[in-house]
Amino acid sequence: MSQHPDINTNVDATSLTDDQKSLDTNATSGNEVAPDGSKHIRIVNTFMKRRTHMNKNAELALTAPEFAHYLVNNSFGDGNLEGIDDLRTLFAELPNGSEAPLTLEIGFGLGDSFIEMAAAEPSRNFVGIEVHEPGIGKCAYMAGTQNLSNVRIINGDAIQLLKQLPENHIDRIQLYFPDPWQKKRHHKRRFVSPERMAIVTRSLKQGGWFHTATDWEHYAFWMVEVLDGFAGLSNQAGAGNFTDRPDFRPMTKFERRGLASGHGVWDLIYLKD
């Protein structure tokens, strides 16, 4: 779970019929004319990859062989997602097997709550996707020190990943505290949009759910408007309503700090019809 993780995804509204295969790549904000007169696609990112400090434990987990099995792809590199087209096969040789309930968390930040959730539900498989190497390393380190067998970590763009996955593939998709992109001109970068939700719901199983939380009131009501109006999803709490924070979602230190300062936190759970 990340506190405004500058989360994975590129998208915008154009050419979505072909793009309904995932959540984070070449959706467009429109075509532009190149100098040679041809049209090219301008990509709109929902995240900004920032340089942040990496501690020794995170660096160890990205380089030491004892942590390598947690890292699905080049987690110290460019986030190449080539060949990652079935998350369930990542657990085929592990105790839970490939048919266990599967949760995908988008933008888990430093991974504290993601790992806490995985440890609390050992019979459920968890895949986290993130673009920031320090968070990827820390998450792998925590999984390794707790000897978790139900965790796998991917470096890359969540939208691109989702486009590569089969339909009806995932039981739960989590998006906690995504970047709210506060300025109006940046609202097109917000992860929760009709175009991106088409990609998200495609990968969800029938009866599966999309769970999101934010501490930005404007974004919270934006999400209710988008998600309540999206065909194929039903608000678990009823149209226009937020749900209480479920016990399985750990409260982060940022959340506690915000609540102590009088800030709100809003959870939403939508079920796929």
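The values are calculated or read from the model by the stated rules, or taken from the named source; none is laboratory data. Everything numeric here is computed off the predicted structure, so don't read it as measured data. Every residue, glycine as well, gets a Cβ built from its backbone with ideal geometry; the counts of neighbours run over all protein chains shown. When the accessible area is computed, the model is the full protein with side chains, heavy atoms only, and any ligands, DNA or RNA have been set aside. Shrake-Rupley method; radii C 1.70, N 1.55, O 1.52, S 1.80 Å.
Which order do the peptides 129-135, 244-250 take when ranked by the mean count of other beta-carbon atoms within 10 Å per residue, highest first?
129-135, 244-250
In whole percent, and with a 1.4 Å probe on the protein chains, what portion of the accessible area of the stretch 101-237 is carbon and sulfur? If you can, show how the numbers build up before the last one.
Working: 2210 of 4470 Å².
C and S atoms contribute 49 percent here.
Rolling a 1.4 Å sphere over the protein heavy atoms, what is the accessible area per residue of the stretch 147-251, to the nearest Å²?
39
For L60 and A92, what is the calculated FRET efficiency with R₀ set at 30 Å and r taken between the beta-carbons, to the nearest 0.05?
Efficiency computed from Cβ-Cβ geometry: 0.65.
As an exercise, use a Förster radius of 22 Å and the Cβ-Cβ distance of D273 and M251 to find the FRET efficiency, rounded to the nearest 0.05.
Efficiency computed from Cβ-Cβ geometry: 0.15.
Of the listed peptides 212-219, 234-241, 173-180, what is their order by residue-averaged count of other C-beta atoms within 10 Å, with the highest listed first?
173-180, 212-219, 234-241
Among the listed pairs K163/K272; K138/K253; K138/K188; K163/K184, give every one whose C-alpha distance is greater than 23 Å.
Table pairs above 23 Å Cα-Cα are K138/K188; K163/K184.
When N counts the residues of the stretch 187-254, how does its alpha-carbon radius of gyration compare numerically with 2.2 N^0.38 Å, as a ratio?
Details: Rg = 12.4 Å, N = 68, 2.2 N^0.38 = 10.9 Å.
The value comes to 1.13.
Can you compute the label reach from V226? Point 7 Å from Cα along the Cβ direction, backbone N cut-off under 15 Å, restricted to the stretch 200-214.
Those under the cut-off are 200-202, 210-214.
Taking the highest mean first, how do the peptides 222-229, 100-107 order by number of other beta carbon atoms within 10 angstrom per residue?
100-107, 222-229
Taking 35 Å as R0, compute the FRET efficiency from the Cβ-Cβ separation of R185 and E99 and round it to 0.05.
So, using R0 = 35 Å, E works out to roughly 0.20.
Compare the Cα positions of S123, L110, F91 along the charge dipole of the stretch 86-206 (+1 at Cβ of Lys, Arg; -1 at Cβ of Asp, Glu; about the Cα centre) and return the one farthest towards the positive end.
L110
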